[in-house]
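The values are calculated or read from the model by the stated rules, or taken from the named source; none is laboratory data. All values reported here derive from a predicted model rather than from experimental measurement. Here the Cβ positions follow ideal geometry from the backbone for every residue, glycine too, while neighbour counts run over all protein chains shown.
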Amino acid sequence: MQGALSGFFTIGVIVIAGVLLAHVKVLGDLQRALLSRLAFLVASPALLFSLVARADLAHLFSRTLMVSVLAIGITGAGYLAVARLLSGPANARTVIGTLCACYTNAGNLGLPIAAAIMGDMTWMAPIMLVQIGVMQPTALALLDTRAARRAGELLAWHSYLTLPFRNPITVAVLLAVAANLSGLAVPDLLMAPIEMVGRIAVPAMLLAFGVSLRLDPLPGRGPHLREVALIQLAKVVAHPLLAWSLGVAFGLSEPELLAVTVIAGLPTAQNIYVIASRYEVGELLARDSIFVSTMLSIPTITLAATLLGG
């Protein structure tokens, strides 16, 4: 448990640093925008390329991944159905809300928790690949389409097909998967600077998140509270319960059942706030959902690990 809690502690320290830097006016709105753009356009593609290029793609065909994907799909669909009833037709904000409801923090929080509870960080590799290779490009394509419409650009049908490939994150993931499947070893001379730039991604995301906590209205205020509450029910309660139930139905072993439950119980990923900031939609919704789900996931993951033998 000490290793898992240290992951939460590390994130908290960097976020608080962002709050303090904003409070003493070292960082402001301009710097927050710079950090978000740097994380989204430069550092995240570098980080994801370095991770996926060396990941074990054999995990993509495991039963645990099937259970995790089903849990994500059912959770996302359930959130969409309820959100439609409460807020009307889906829009760009709904895309952000859906990501908050089922996109887990498998990277900077999931990796240390996997090491501490499951004893093996490779449990996170499959879900990271699904999220960054399928979920994120799909969401970015929808948001890119919305941005093009707002700008008055007329997109031909084939333009919609190429939208995901114009995004640096999607391009980086596809290149990494191609290199991995082909057995092409990226030379250390090239991988070293890519990894160095990639290390900026998580601190930049967390600092921008902390600046937002200081400069924007505090979490727990605003008209989006009902949406945040719905997201917490989906992410912190329904998602891990679904993963556990499906795992039992699929006959997963005890370590596999622990893994899928803990993975589903992870909070909303910080990069959802970066995406929301990049497209200027649902920023406070993403920020508050990340903050609250991170707090609530501590007892959720601790309980899951205790009951399932972590």
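Residues of segment 85-97 being more than 17 Å from ALA229 (Cβ to Cβ) and crowded, with 21+ Cβ neighbours inside 10 Å, which ones? Explain how you work it out, then say what you get.
Initial filter on segment 85-97 (more than 17 Å from ALA229 (Cβ to Cβ)): 88-92, 95.
Within segment 85-97, just VAL95 meets the criteria.
Which residues, counting only those in segment 255-278, are more than 18 Å from ALA201 (Cβ to Cβ) and surrounded by fewer than 22 Cβ atoms within 10 Å (Cβ to Cβ)?
The initial filter retains those residues of segment 255-278 that are more than 18 Å from ALA201 (Cβ to Cβ), namely 255-265.
Hits for segment 255-278 are PRO255, GLU256.
Based on this model, can you work out whether GLY107 counts as under 24 Å from LEU181 (Cβ atoms), modelled with pLDDT under 85 and not in a helix (DSSP H, G or I)?
yes
Test VAL82 against the criterion of being touching a residue at least 24 places away in the same chain (Cβ under 8 Å), out of contact with any strand residue (DSSP E or B) (no Cβ under 7 Å at 6 or more places or on another chain), exposed (fewer than 15 other Cβ atoms within 10 Å of the Cβ) and of a type in the set (A, V, I, L, M), and give yes or no.
yes
Tell me, which helices (runs of 4 or more DSSP H) lie completely within segment 150-212 with 2 or more residues that are modelled with pLDDT of 85 or more and crowded, with 16+ Cβ neighbours inside 10 Å?
Values: elements: 157-162, 168-182, 188-198.
Where helices (runs of 4 or more DSSP H) fall fully within segment 150-212 and carry at least 2 residues being modelled with pLDDT of 85 or more and crowded, with 16+ Cβ neighbours inside 10 Å, they are 168-182, 188-198.
Among the helices (runs of 4 or more DSSP H) confined wholly to segment 1-101, which include 2 or more residues that are closer than 21 Å to LYS235 by Cβ and modelled with pLDDT of 85 or more?
Fully inside segment 1-101 and qualifying: 63-87.
Looking only at segment 133-149, count every residue that is buried (at least 16 other Cβ atoms within 10 Å of the Cβ), modelled with pLDDT of 80 or more and either within 21 Å of ALA259 (Cβ to Cβ) or among the basic types (Lys, Arg) (or both) and tell me the total.
Here the count works out to 1.
Got a sec? Which of SER245, SER289, SER293 is assigned to a helix (DSSP H, G or I), surrounded by fewer than 24 Cβ atoms within 10 Å (Cβ to Cβ) and modelled with pLDDT of 90 or more? First the steps, then the outcome.
On the way: SER289 fails: surrounded by fewer than 24 Cβ atoms within 10 Å (Cβ to Cβ); SER293 fails: surrounded by fewer than 24 Cβ atoms within 10 Å (Cβ to Cβ).
None of the other options fit; the residue is SER245.
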